[in-house]
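The values are calculated or read from the model by the stated rules, or taken from the named source; none is laboratory data. The model shown is predicted, which means the values in this text are computed figures rather than measured ones. Cβ placement follows ideal geometry from the backbone for every residue including glycine, while neighbour counts extend to all protein chains displayed.
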Amino acid sequence: MEKPLTQHFVIGGEPLDLAGYEKVGGYEACRKSLKSLTRDDIMKLVKDSNLRGRGGAGFPTGLKWSSMPSSQNSPRPRYLIADADEMEPGAFKDRILMEGNPHQLIEGLIICAYTVDAEIGFIFIRSEYTKAAARINKAIREAYEKGYLGFNILGTGFNLDLKLHISSGRYICGEGTALTNSIEGHRAIPRHKAPRQTESGLWGMPTLLNNVETLCNIPHVVNNGAEWFRGLSKCKDGGTKIFGVSGKVRNPGCWELPMGTTIREILEEHAGGMRDGLKFRGTLPGGASTDFLVEQHLDTPMDYDSVQKAGSRFGTGTMIILDNQTCPVGMVHNLESFFSRESCGWCTPCREGLPWTAKILAAIEDGKGEPRDIDTLDFLVRSLGPGRTFCALAPGAMEPLRSALKFFREDFDAHIKEKRCPWR
C-alpha cells in the first residue's frame with residue numbers, strides 16, 4: 001500500500017531536514033512546477049486528480065484554486081493561507097503531518113502559490129502546537145537559505161514570502177473569514193461570505209485558503225500524475241487520507257489509508273477494535289461536529305459522499321468512538337459545553353442557544369431533567385441549524401446532539417425518569 005504523505009516519517013525522532021528531504025526526492029515537484037510546467041498545467045493536474053479539500057468541507061481543490069481571479073487584472077499582493085488551526089475536538093491529523101514532515105507542507109505551499117500567483121503565504125497554526133510550530137519555523141529558515149522561498153525562487157522570477165502565524169487560540173479561528181480577521185489583528189469573528197475570499201480576503205486582496213493535508217498532497221500529484229493519485233483511492237475521490245481514531249479502542253492513533261476505507265476496517269484492523277469488555281455503540285466519523293453513526297453503518301466507506309448518504313459528514317476523517325459503558329448524554333454535554341465556550345458571540349442564536357443547550361444537558365446529566373427538556377433540545381437543534389446562524393459553528397455543534405437524540409433517546413429518557421445518570 002502506497003503512503004505518500006507519511007512514507008518518510010521518522011517515528012520517534014526528528015523529521016527530515018532539508019538535505020534529508022531532498023535525498024528522498026523532496027522539492028523535485030517544486031523544481032518541476034516552476035521550471036517545466038505552466039500554471040495551467042498544474043491546475044489541470046490538480047483538477048484531474050480528484051483531490052478534495054481535507055479540512056472538512058471536501059470542496060474540489062482544483063476548482064477552488066481556479067476561483068482565484070486572473071492575476072493580470074488583480075490587485076496586489078495575492079495571498080495563500082495554510083489552515084493549521086485544527087481545534088476540532090478529536091482532530092489531530094494536521095499536527096502529525098507538520099511534525100512528521102514540515103518540508104512536505106512547505107513544498108505544497110510553494111507549488112500552490114506559484115499556480116495561483118500568490119506572493120505572500122501564511123501558515124496559521126494552533127497556539128498549542130508548539131512542537132509543530134518549532135519544526136515549521138526551522139523548515140522555513142532552511143527553505144529560505146536554499147532559495148526555495150524569497151526572491152526569484154530557483155531563478156524563475158517567482159517570489160514567495162512565507163510566514164508562520166500563531167493562532168489567537170479560539171475554535172472560531174478555524175472558520176475561514178474569522179481566521180483572516182485574526183491575521184489582520186482584529187477580533188476573530190466571521191465575515192459576510194460575499195465577496196468570496198478568493199476575491200477579497202486578507203486586507204481586501206485575493207486570498208486562497210487550504211488545509212494542511214490538502215497542500216501536503218500537491219507535491220505527490222505533480223511528481224506522479226493525476227491517474228496515479230486517483231488510483232490510490234477506493235472511491236472516486238483521489239488519494240489517501242490520514243484517518244484517526246480516539247476513544248476506548250485498543251490502539252488509538254492515526255493511519256494513512258486509501259480514501260474509501262470502511263469504518264469497520266479502520267476500527268477493527270488499525271485501531272485494534274474495542275478494549276476488552278467494551279462494545280462499539282457509535283462514532284462521530286469526522287470529529288466533534290458531525291452526526292453519530294452506529295453499528296448499522298460500520299461498513300460505510302469513509303469518503304465524502306458515502307458518509308453523507310449514511311447521515312453524517314466526513315469532516316476531518318478523525319473518528320471519536322462511543323462505547324457501551326460511556327454515557328452518551330454526558331459525552332454530548334461535554335461537546336456542547338466546548339462549543340458554548342468557543343462561540344464568538346457574534347450572532348444571537350449561537351451566543352444564547354449554545355449555553356442554553358449546555359445548561360439543559362447538564363441538568364439532565366445531574367438528574368434534574370424534565371420531560372419537556374427533550375422538546376426544548378429538539379427546538380434548539382432546529383433553531384441553530386444551517387441557515388439560522390452567521391457561520392457554521394452552531395449548526396456543527398447541533399449535529400452530535402441531533403443524532404444522539406435519534407439513536408440514544410432511551411438514554412435521555414432514563415436520565416429523566418430515574419433522576420440520575422445511569423452510568424455513574
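What the table shows:
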read-out: Conditions (1) in a loop (DSSP other than H, G, I, E, B); (2) on the phi < 0 side of the Ramachandran plot; (3) not aromatic (F, W, Y): number failed by L63; value: (1)
read-out: Checklist (1) of a type in the set (K, R); (2) in contact with a helix residue (DSSP H, G or I) (Cβ under 9 Å, 6 or more places away or on another chain); (3) modelled with pLDDT of 95 or more; (4) more than 26 Å from I136 (Cβ to Cβ) applied to K241, failing item; value: (4)
read-out: Residue ID - farthest from L361 (Cα to Cα), chosen from residues in region 277-332 that are of a type in the set (D, E) and in contact with an Asp or Glu (Cβ under 6 Å, 6 or more places away or on another chain); value: D303
read-out: Answer residue from region 250-276, given it is over 22 Å from the mean Cα position of the chain (by Cα) and in contact (Cβ under 8 Å) with a residue 40 or more places away in the chain and is surrounded by the most Cβ atoms within 10 Å (Cβ to Cβ) among those; value: M274
read-out: Test: residue in region 70-83 that is at pLDDT 95 or above, of a type in the set (V, I, T) and more than 29 Å from G396 (Cα to Cα); value: no
read-out: Qualifying positions in region 185-218 - under 19 Å from the mean Cα position of the chain (by Cα) and not in a loop (DSSP other than H, G, I, E, B); value: T207, L208, L209, N210, N211, V212, E213, T214, L215, C216, N217, I218
read-out: Subset of region 341-376 that is polar (S, T, N, Q) and part of a helix (DSSP H, G or I) - its residue that is farthest from Y171 (Cα to Cα); value: T376
read-out: Of residues in region 4-47 being among the aliphatic types (A, V, I, L, M), crowded, with 18+ Cβ neighbours inside 10 Å and not in a helix (DSSP H, G or I), the one nearest to the chain's Cα centre (by Cα); value: L5
read-out: Single match in A118, A143, A134 (criterion: in the same structural domain as P206 (by TED's automatic domain parsing) and closer than 12 Å to L164 by Cα); value: A134
read-out: Residues of region 377-417 satisfying the condition of being in a helix (DSSP H, G or I) and β-branched (V, I, T); value: V381, I416
read-out: Hits in region 208-231 - residues which are in contact with a strand residue (DSSP E or B) (Cβ under 8 Å, 6 or more places away or on another chain) and over 23 Å from G315 (Cα atoms); value: none
read-out: Test for I364: is it buried (at least 22 other Cβ atoms within 10 Å of the Cβ), at pLDDT 95 or above and farther than 22 Å from G286 by Cβ; value: yes
read-out: Conditions (1) surrounded by fewer than 16 Cβ atoms within 10 Å (Cβ to Cβ); (2) assigned to a loop (DSSP other than H, G, I, E, B); (3) of a type outside the set (K, R); number of the one not met by E145; value: (2)
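Table: residues versus (1) within 20 Å of L405 (Cβ to Cβ); (2) at pLDDT 95 or above; (3) in the same structural domain as A414 (by TED's automatic domain parsing).
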| site | (1), (2), (3) |
| --- | --- |
| P285 | yes, yes, no |
| V294 | yes, yes, no |
| T300 | no, yes, no |
| V332 | yes, yes, yes |
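Residues are listed down the side, and each one gets a yes or a no for (1) touching a residue at least 40 places away in the same chain (Cβ under 8 Å); (2) of a type outside the set (V, I, T):
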{"site": "H333", "(1), (2)": "no, yes"}
{"site": "P355", "(1), (2)": "no, yes"}
{"site": "I364", "(1), (2)": "yes, no"}
{"site": "G367", "(1), (2)": "yes, yes"}
{"site": "R382", "(1), (2)": "no, yes"}
{"site": "L401", "(1), (2)": "yes, yes"}
